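**Student:** Before we start, here is the structure in question, set down as structure tokens.
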Amino acid sequence: MTSSESSQDVFIGALDQGTTSTRFIIYNSEAKPIASHQVELTQYYPEAGWVEHDPYEILKSSRVCIARALEKATAYGYNVDGGLKAIGITNQRETTLMWSKSTGLPLYNAIVWMDLRTNLICRRLEKHLSGGKKHFLETCGLPVSTYFSATKILWMIENLYGVKEAIRTDDCMFGTVDTWVIWNLTGGCGSSNHEDEFVRGVHVTDCSNASRTMLMNLKTLEWDRPTLEQLKIPFEILPKIVSNCETVGTIANGWPLSGTPIAGCLGDQHAAMLGQLCLKGQAKSTYGTGAFILLHTGEEIITSSHGLLSTIAYKLGPNAPTNYALEGSIAIAGAAVQWLRDGLGIIQTAAEIEQMAQTVVNTGGVYFVPAFNGLFAPWWRDDARGVLIGLTRFTNNGHIARAVLESLCFQVKDVLDSMHKDFGNRDEEKSEGDFLLRVDGGATVNNLLMQTQADFLGSLVVRPPDIETTARGAAYAAGLTMGVWTEEQLFSGKNEENSTTFIPNMDAEKRKKMCEAWYEAVSRSFNLAFLSC
């Protein structure tokens, strides 16, 4: 920021394209939100276990959110048009798109990260690869799974004639949601810029999103050629990999904020880790559609022996060191609350679950395992299906609501227990009570959920005053690139101010018994995929 430039006139935007909604938030120079707009995203379920998004709806919702947030900021008296320095982008990860280079038209709907259609492809790979399910673990940090983009690419190549033909004619482009949005924002298949020059969209992805494809080498941060050859995925369809903090292009004419640099990009969970300003040894959990727990492991890649993933934390510039993390991904968290609302009609709004759960003092022996799409970390069982057990005539809606909330907390505890086993001996020993979990995401406004999480962990849970840390992380990345703030300023510790801390008050013996009952419930969810046949 120049000395003549007033901090009051400096703004950064963050486009957060998530699984169930898109939002755009505008931040001032103190990283405080001054205006935002959010639009829900339609979920499509063409077959059991399949989940898709409309690529055009992703773009339309992005356009609407940017425009509406700008209108609101102007109405509030902010001169955003003259002071917005850049935008950062964050997105749902692993969701896979293919489109035509020449026309810009999608070749199929976006296949969402939780989609299970690649199950048979995964079984085939496990059978034929020498390392089985763990064949690519050393290279990319990920097991063979329906979760990651590579198997979705294979499904498209093997099942969609349009994709095969586009690859044959060198007209196919692959991308995760960040790539699709950036390519369109920067011109797509052709657009004019402010100098009336003809420009094409920039085909890039950042290293955090690339780390979730099963195709990037975690050490080199480049597409792994041997992996591509083994899977028969053409290198030519892949985007260029960049860091999280650098200018990749400018917004093209025809979009709100045309001419504005796109200066930061991270997958949503990595953005939340940056938004929480997690340093080595610190962990965060984001409660969204799923729940995602990341533990910062510094500049060291740690290979888990307890069902976790090795992944990127963030890389704050092309020449900056790469920070890594251990991650545990939970497929169904907030989605279970949506199921109570939309599937069963037990509640009318998601916020009602807290009040309903508080009508009872416990679950009455009811346990719920939300394995709608299998179980991710640390179990990795795509044959699991949801179970609700312990029902009696005493059971009512309050017990079920409380069991749903507790299922989120049990799953997070399972992941954190695994993280402590993998990472605990590499850092200074900490007692259970010294550990704290940073939390964010929409569900964290539920105080009962947060207190239950602290009780089940037996450690502190810290909620920041601004729970939308995913968008904040994207704003931080763009602001760092543009010099709006420095790393020293961001990591100064001021983010601890005004946080809410939840202190555990459950005794260890009760915690142990409840966890044993939870493990039994989880085991009952295994080997149930045949029920949908």
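**Student:** Tell me, what ³J(HN,Hα) does each residue in region 64-69 have, in order and in whole Hz, if you take phi through Karplus 6.51 cos²θ - 1.76 cosθ + 1.60 with θ = phi - 60° and put x for Gly and Pro?
**Tutor:** Values per residue, Gly and Pro as x: 5, 5, 4, 4, 5, 5 Hz.
**Student:** Can I get the semi-axes of the chain's equivalent ellipsoid? Compute them from the C-alpha gyration tensor as square roots of 5 times the eigenvalues, in angstrom, largest first. Write out the running numbers ahead of the final one.
**Tutor:** Numbers: eigenvalues 241, 162, 101 Å².
In descending order, the three semi-axes are 35, 28, 22 Å.
**Student:** Let me ask something else about it. Could you work out the pair-distance distribution P(r) of region 123-170 from its alpha-carbon pairs, with 10 angstrom bin width and percents rounded to whole numbers?
**Tutor:** 25, 43, 27, 5
**Student:** Further question: Considering the dipole of the chain built from charges on the beta carbon (Lys and Arg +1, Asp and Glu -1) around the Cα centre, which of T481, T392, H53 is farthest to its positive end?
**Tutor:** So the residue furthest toward the plus end is T392.
**Student:** Would you mind checking the radius of gyration and Dmax of region 130-246 based on alpha-carbon positions, in Å?
**Tutor:** 15.4, 54
**Student:** For region 180-259, what percent of Cα pairs sit more than 19 Å apart?
**Tutor:** Working: 1411 of 3160 pairs.
When every Cα pair of region 180-259 is considered, 45 percent fall beyond 19 Å.
**Student:** Let me know the whole percent of all Cα-Cα pairs from region 82-123 that are separated by more than 15 Å.
**Tutor:** Details: 555 of 861 pairs.
Summing the P(r) tail past 15 Å for region 82-123 gives 64 percent.
**Student:** Using the per-residue mean of other Cβ atoms lying within 10 Å as a proxy for protection, in what order, highest first, do the peptides 392-398, 516-522, 270-276, 255-261 fall? Intermediate values should be presented prior to the final figure.
**Tutor:** Details: 392-398: 12.7, 516-522: 16.0, 270-276: 30.7, 255-261: 17.9.
Result, highest mean Cβ count within 10 Å first: 270-276, 255-261, 516-522, 392-398.
**Student:** Here's another thing I want to ask about it. Charges only on Cβ, +1 for Lys and Arg, -1 for Asp and Glu: so what's the dipole of the chain about the Cα centre, in debye to the nearest 20?
**Tutor:** I would put it at about 1160 debye.
**Student:** Need the list of lysines near K512 for cross-linking: C-alpha distance under 26 angstrom, and skip anything on the same chain fewer than eight residues off.
**Tutor:** K284, K413, K421, K430
**Student:** Can you tell me the length gained on complete extension of the stretch Y76 to L129, counting 0.36 nm per residue apart and subtracting the Cα distance? Mind showing how you got there, number by number?
**Tutor:** Details: separation 53, 0.36 × 53 = 19.08 nm, distance 5.83 nm.
Answer, rounded to one decimal: 13.2 nm.
**Student:** Subtracting the Cα-Cα distance from 0.36 nm times the residue separation, let me have the gained length for R200 to D54 in nm, one decimal.
**Tutor:** 50.3 nm
**Student:** For K232, list the lysines whose Cα falls under 30 Å from its own Cα; do not include residues on the same chain fewer than 8 positions away.
**Tutor:** Excluding near neighbours in sequence, the set is K101, K127, K133, K134, K152, K164, K219, K240, K315.
**Student:** Under a 5 Å amide H to amide H cut-off, with H placed in plane at 1.01 Å, what residues pair with V242 once short-range neighbours are removed?
**Tutor:** The answer is T205, D206, C207.
**Student:** Show that you can apply the helix-only estimate: for the chain, add -39,500 (n - 2.57) for every DSSP H stretch of four or more residues, divide by all residues, and state [θ] at 222 nm to the nearest 500. Let's see the in-between values first.
**Tutor:** Numbers: 17 runs with 170 residues, N = 533.
Calculated at 222 nm, the ellipticity per residue is -9500 deg cm²/dmol.
**Student:** Residues with beta-carbon under 14 Å from that of Q411, excluding Q411: net charge, scoring Lys, Arg +1 and Asp, Glu -1?
**Tutor:** Details: positive: R381, K413; negative: E327, E406, D414, D417.
So the surrounding residues net to -2.
**Student:** Something else: Going by amide H atoms built from the backbone, whose H comes under 5 Å of the H on T297, apart from near neighbours?
**Tutor:** Under 5 Å from the amide H of T297 lie the amide H atoms of G281, Y324, A325, L326, each far enough along the sequence or on another chain.
**Student:** Provide the per residue accessible area, probe 1.4 Å, for region 114-185, rounded to a whole number of square angstrom. Numbers along the way, then the final one.
**Tutor:** On the way: 2620 Å² over 72 residues.
Roughly 36 Å² per residue, with all protein chains present.
**Student:** Taking amide hydrogens as modeled 1.01 Å from N in the peptide plane, which residues meet the under 5 Å criterion relative to E222, leaving out close sequence neighbours?
**Tutor:** N217
**Student:** Just the projected area, averaged over all directions, of the convex hull on the alpha carbon atoms of region 433-533: how many nm²? Please list the in-between numbers first.
**Tutor:** On the way: hull surface 40.7 nm².
That works out to 10.2 nm².
**Student:** Over region 227-299, with the other protein chains present, what is the accessible area per residue in square angstrom, probe 1.4 angstrom? All intermediate terms of the calculation are to be shown ahead of the outcome.
**Tutor:** Numbers: 2030 Å² over 73 residues.
Counting only protein heavy atoms, the per-residue value for region 227-299 is 28 Å².
**Student:** Can you list the aspartates and glutamates whose alpha carbon is less than 12 Å from that of K32, not counting same-chain residues fewer than 8 positions off?
**Tutor:** Here the aspartates and glutamates satisfying the reach criterion relative to K32 are D466, E468.
**Student:** Once each part is reduced to its C-alpha centroid, what is the distance from region 87-161 to region 333-395 in angstrom?
**Tutor:** Rounded to whole Å, the Cα centres lie 28 Å apart.
**Student:** I've got another one for you. Per residue of region 391-396, what does 6.51 cos²θ - 1.76 cosθ + 1.60 with θ = phi - 60° give for ³J(HN,Hα)? Whole Hz please, x for Gly and Pro, Karplus curve as stated.
**Tutor:** For region 391-396, the Karplus-derived couplings read 6, 9, 5, 6, 5, 10 Hz, x marking Gly and Pro.
**Student:** Divide, for region 318-453, the radius of gyration over alpha carbons by 2.2 N^0.38 Å, where N is the residue count.
**Tutor:** Values: Rg = 17.0 Å, N = 136, 2.2 N^0.38 = 14.2 Å.
Relative to the 2.2 N^0.38 Å estimate, region 318-453 comes out at 1.19.
**Student:** Starting from 0.36 nm per residue, how many nanometres of slack lie between E40 and T169 once their C-alpha separation is accounted for? Please report the intermediate quantities before stating the final value.
**Tutor:** Details: separation 129, 0.36 × 129 = 46.44 nm, distance 3.60 nm.
That pair, E40 and T169, stretches by 42.8 nm at full extension.
**Student:** OK, next. Provide the per-residue ³J(HN,Hα) series for region 500-510, in order, calculated from phi with Karplus coefficients 6.51, -1.76, 1.60 and θ = phi - 60°, each as a whole number of Hz, with x at glycine and proline positions.
**Tutor:** Karplus-based 3J(HN,Hα) across region 500-510 equals 9, 10, 9, 9, x, 9, 9, 6, 4, 5, 5 Hz.
**Student:** Taking only protein heavy atoms and a 1.4 Å probe, what accessible area per residue, in Å², does region 447-527 have with all protein chains in place? Each step should come with its number before you reach the end.
**Tutor:** On the way: 3700 Å² over 81 residues.
Dividing the accessible area of region 447-527 by its residue count gives 46 Å².
**Student:** On the protein heavy atoms, probe 1.4 angstrom, tell me the percent of accessible surface of the chain carried by carbon and sulfur.
**Tutor:** Details: 10500 of 21130 Å².
Within the chain, the accessible surface is 50 percent carbon and sulfur.
The values are calculated or read from the model by the stated rules, or taken from the named source; none is laboratory data. Bear in mind the structure is a predicted one, so any value in this text is a computation, not a measurement. Please note: Cβ atoms are built from the backbone with ideal geometry, for glycine as well, and neighbour counts cover all protein chains shown. Only protein heavy atoms, including side chains, enter the accessible area calculation; ligands, DNA and RNA are left aside. Shrake-Rupley method; radii C 1.70, N 1.55, O 1.52, S 1.80 Å.
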